[in-house]
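Notes follow the structure.
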Amino acid sequence: MASPVPFDYSDRVLKPGYTSCLGCGEALAMRIVAQTVGPKAVYTNCTGCSEIFTSRYPTSSWSAPWIHSLFENSAAIASGVYYALKHKGKLEGQKVIAMGGDGGTADIGLQCLSGAAERGDDFLYCCWDNEAYMNTGIQRSSLTPLDASTTTSPSGKVSWGNDRPKKDMPAIMAAHNIPYVGVGSCGYYRELPRMVKKALSYEGPKYLQVHAVCPLGWRSDPARTCDLARLAFETGCYPLYEIIEGTTTPHKPPKEGWKPVQEYLKPQGRFRHLFRSADGEQRITRIQAQAAANIRKFYGDDAVPDFAKEAEKKAKEMTTAQA
Ligand SMILES: Cc1ncc(C[n+]2csc(CCOP(=O)(O)OP(=O)(O)O)c2C)c(N)n1
Ligand code: SF4
Ligand SMILES: [Mg+2]
């Protein structure tokens, strides 16, 4: 029998050995993005899972220059690196990549990110959106979806979980008139290199948000990470698109048509409470109505399936009845 060909990791920007959980969508996305950007870059990474699992003291998986920033200032550190390289005349062929989780990006780091984007600094910001503060024990963030149960928005007798809809972070970034905003997914990992290359072809601030399944926080099967990420898109729960120089291009619609949101929600423990009562069904109707609105926004009214329109009607009736 021929001896197995040994894996060659010599050209990996993010080397193996990092300590993420099994099936971590954030690790998958970050590895692909870093590999596409390459080693001629300075990476800044705010506190969070991605920073922790790639730099367990005294080791590091990074083979490119990498800076651990505070929770709130990945974008500000990236700005500083950009100006330092510029001042020294070393920007040629060099990229500046800032990274952070959804909490580090959309909550505590928003001000630094907005400032860097508004100044027009030349860098790519990557937000790993696993929809909660996972590293510190699954606390909700402003990117946690409606009705997800987290440790700070627990479902129970008095609550259905997170009671706020997800913040539209890509729209906030697009409002800065930056050349590139992209929303990708760890489930469509073959798309990520194309998106990164497209983003890097523009000078100025670029924002890439990647939906990253977290089996620990979502209480999902690690073997279903990519499948779940694709279901997020195929149900209309997590639209994927690019806004390039102000023009929005959505990801091509699912080949087999839009699916009911239950297919995405049911395999996740964070939504399990919605499947336990008739009242829970009403909450799912609201989520389905939101997915219908997402589909309409990017693909037009004709694309919205009948079951989703039906849910919109019911959700409206429920709101009227409550008023
Ligand atoms: C100012 C400040 N507040 C709180 C923390 C604690 N903290 C570290 S990581 C983290 C959560 C990170 O969540 P997110 O940015 O979504 O990244 P994830 O771990 O989910 O990848 C928190 C609250 C901190 N390091 N600094
Ligand atoms: S907690 Fe979630 S995001 Fe963090 S390493 Fe584990 S799977 Fe990845
Ligand atoms: Mg997070």
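Every number here is computed from the coordinates shown, using simple stated rules; none is lab data. Please read all numbers here as calculations on a predicted model, not as lab measurements. No Cβ is skipped: glycine too gets one built from the backbone with ideal geometry, and neighbour counts run over all protein chains shown.
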> LYS86 fails exactly one of the following numbered conditions: (1) crowded, with 17+ Cβ neighbours inside 10 Å; (2) farther than 27 Å from PRO145 by Cβ. What is the number of that condition?
Replying inline: (1)
> Restricting the search to region 18-70, which residues are touching a strand residue (DSSP E or B) at 6+ places or on another chain (Cβ under 8 Å), free of Cβ contacts under 8 Å to residues at least 40 places away in the same chain, away from ligand 3 (no atom under 16 Å from the Cβ) and hydroxyl-bearing (Ser, Thr, Tyr)?
Replying inline: SER55, SER60
> Hey, any hits in region 172-187 for a residue that's crowded, with 16+ Cβ neighbours inside 10 Å, without any contact (Cβ under 8 Å) to a residue 40 or more places away in the chain and not hydrophobic (A, V, I, L, M, F, W, C)?
Replying inline: no
>> Tell me yes or no: at least one residue of region 302-312 is surrounded by 14 or more Cβ atoms within 10 Å (Cβ to Cβ) and either β-branched (Val, Ile, Thr) or closer than 27 Å to ALA199 by Cβ (or both).
In response: yes
>> Take the conditions crowded, with 18+ Cβ neighbours inside 10 Å, touching a residue at least 60 places away in the same chain (Cβ under 8 Å) and of a type outside the set (A, V, I, L, M, F, W, C) and apply them to GLY109. Does it pass?
In response: yes
> Quick one: which of GLN209, GLN282, GLN288 is assigned to a helix (DSSP H, G or I) and buried (at least 17 other Cβ atoms within 10 Å of the Cβ)?
Replying inline: GLN288
>> Checking the structure you have, find out if any residue of region 245-259 is within 16 Å of ligand 3 (Cβ to nearest atom) and not basic (Lys, Arg).
In response: no
> Is region 66-74 home to any residue that is within 14 Å of ligand 1 (Cβ to nearest atom), over 18 Å from LEU200 (Cα atoms), buried (at least 23 other Cβ atoms within 10 Å of the Cβ) and acidic (Asp, Glu)?
Replying inline: no
> Which ones in region 101-135 are near ligand 1 (Cβ under 8 Å from one of its atoms), among the hydrophobic types (A, V, I, L, M, F, W, C) and in contact with a strand residue (DSSP E or B) (Cβ under 8 Å, 6 or more places away or on another chain)?
Replying inline: TRP128, ALA132, MET134
>> Return the residues of region 67-92 that are assigned to a strand (DSSP E or B) and closer than 17 Å to VAL196 by Cβ; say none if nothing qualifies.
In response: none
>> Take the conditions among the polar types (S, T, N, Q) and surrounded by fewer than 16 Cβ atoms within 10 Å (Cβ to Cβ) and apply them to SER63. Does it pass?
In response: yes
> Which of the residues belonging to region 290-318 are in contact with a helix residue (DSSP H, G or I) (Cβ under 9 Å, 6 or more places away or on another chain) and within 27 Å of CYS226 (Cβ to Cβ)?
Replying inline: GLN290, ALA291, ALA292, ALA293, ILE295, ARG296, ALA303, VAL304, PRO305, PHE307, ALA308, ALA311
>> Please go through region 252-279 and give me each residue that is in a loop (DSSP other than H, G, I, E, B) and either crowded, with 17+ Cβ neighbours inside 10 Å or of a type in the set (A, V, I, L, M) (or both), ordered by number.
In response: TRP258, LYS259, PRO260, VAL261, PRO267, GLN268
> Which residues, taken from region 140-181, are in a strand (DSSP E or B) and either in contact with a His (Cβ under 8 Å, 6 or more places away or on another chain) or closer than 23 Å to GLN290 by Cα (or both)?
Replying inline: SER155, GLY156, SER159, TRP160, VAL181
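This table checks each residue for (1) part of a loop (DSSP other than H, G, I, E, B); (2) within 13 Å of ligand 2 (Cβ to nearest atom); (3) more than 25 Å from LEU85 (Cα to Cα).
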position: THR19; (1), (2), (3): yes, yes, yes
position: LEU22; (1), (2), (3): yes, yes, yes
position: ALA27; (1), (2), (3): no, yes, yes
position: MET30; (1), (2), (3): no, yes, no
position: ALA34; (1), (2), (3): no, no, no
position: TYR43; (1), (2), (3): no, no, no
position: ILE52; (1), (2), (3): no, yes, yes
position: PRO58; (1), (2), (3): yes, no, yes
